[in-house]
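A.B. asks: For reference, the structure I am asking about is given below.
The values are calculated or read from the model by the stated rules, or taken from the named source; none is laboratory data. All figures in this text were calculated on a predicted structure; none of them were measured in a lab. When we count neighbours, we look across all protein chains shown, and the Cβ atoms used for this are built from the backbone with ideal geometry, even at glycine.
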Amino acid sequence: MINAKDLIQIPVWHGNRIMDMAHVKRIKDGIGSQVNKLDFGYRIVTYIEKDASGYPVKSSCIIDGQHRHKVLYDYFHTELCVPDFPVVILEKNVSDESEIITYFKELNNQKPIEWKSDPNMLANEYIKELSSAFNKKNNILIRPKATKRPYLSSEDLRLCLVKYSHLLKESKDEIKVFVQRAIQYNTEQLNGLIGIYTKKADEEIVKKAEGHRFMLAVDPKLPWVKGCL
C-alpha cells in the first residue's frame, strides 16, 4: 500500500496499450471529485538497473491501471490542497523487458486486445523475442527505460518499431525471422565494421560493444530495425 500522490510519481510502462482518453473521461465523469474510490487495482513491476555511475538502483512502472493512474494524476495536478489517501498495489519483481511483457500478457489474457490497431502490442512481441535472444541472466543487454550505450533501451527500440508499425507482423514465425536478421546484423557488425568509427567517443562505445558481443545500440538511430523488418 502506498499513498496516491506517491503512486502518480511512478511512470506508466511504455509498452502498455495506447491510452484511451475517452475511457479516462468516462472514469472522471463517473467518480467526479470522489477520487478516493480509485484506491485499488494497480499493478507495478520493479526491477534493478544501474545508474550513470554503475550503481544498482530500483525502478518501477505501472503495468496495469494506467487509466485510473491518469485520472489521479490529472486530479492532483489541477486541484490544490486536496487530501492524499492510501491505495492498494500489487508489486512484482522482474529482471528485464521480456518478463514485463510476459506478465502484461498474463494480466490481459481475459481482455480483448486488438493487436493490429495497437502498435505497442505488436512491438512488445518483437522486443520479447529479441530480448530472449540477446539477454543472459548475468548480462542484460536490452534494458528497460533509458540506458547508456552499448546497452539498448527497450523504450528506444519500441519507439523505432512503432515508427515502422506498418511493417510489423503478427505471426510468430515472421517475428522470429526478424530476430534472426538482427542476430545476423550483429554478427556482421562484429566481424566487419569494427574500427570504422573515427570519433573517440564512438570508438569507446564500439570497444565496449565488442566486449559484450552486442552491436545493436552502437548507432543510436537503430538503422538495423527497418532493415530487418
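A.B. asks: Consider only pairs whose beta carbons are under 6 Å apart and that are at least six residues apart or on different chains; among these, list those whose first residue lies in the stretch 57-77 and is closer than 21 Å to ASN124 by Cβ and whose second residue is small (Gly, Ala, Ser) and not in a strand (DSSP E or B).
C.D. replies: Here the result reads GLY65/GLY41, each pair linking the stretch 57-77 to a residue that is small (Gly, Ala, Ser) and not in a strand (DSSP E or B).
A.B. asks: If we scan the stretch 38-45, do we find a residue that is in the same structural domain as LYS70 (by TED's automatic domain parsing), among the small types (Gly, Ala, Ser) and over 15 Å from the mean Cα position of the chain (by Cα)?
C.D. replies: Within the stretch 38-45 (the criterion being in the same structural domain as LYS70 (by TED's automatic domain parsing), among the small types (Gly, Ala, Ser) and over 15 Å from the mean Cα position of the chain (by Cα)), the answer is yes, since at least one residue qualifies.
A.B. asks: Shifting gears a bit: Within the stretch 31-58, work out how many residues are modelled with pLDDT of 90 or more, farther than 17 Å from PHE76 by Cβ and surrounded by fewer than 12 Cβ atoms within 10 Å (Cβ to Cβ).
C.D. replies: Total meeting the criteria: 1.
A.B. asks: Within the set of pairs 6 or more residues apart or between chains, which connect a residue that is assigned by TED's automatic domain parsing to the domain that holds LEU229 and at pLDDT 90 or above inside the stretch 158-173 to a residue that is crowded, with 16+ Cβ neighbours inside 10 Å and assigned to a helix (DSSP H, G or I) with Cβ atoms less than 6 Å apart?
C.D. replies: From the stretch 158-173, the pairs are ARG158/ALA123; CYS160/VAL225; LEU161/ALA123; LEU161/TYR126; VAL162/PRO119; VAL162/ALA123; SER165/PRO119; LEU168/LEU122.
A.B. asks: In the stretch 79-100, which residue that is more than 12 Å from the chain's Cα centre (by Cα) and of a type in the set (S, T, N, Q) is surrounded by the most Cβ atoms within 10 Å (Cβ to Cβ)?
C.D. replies: SER95
A.B. asks: Considering the stretch 3-53 alone, what residues qualify as being in contact (Cβ under 8 Å) with a residue 60 or more places away in the chain, farther than 28 Å from ILE127 by Cα and not in a strand (DSSP E or B)?
C.D. replies: Result: ALA4, LYS5.
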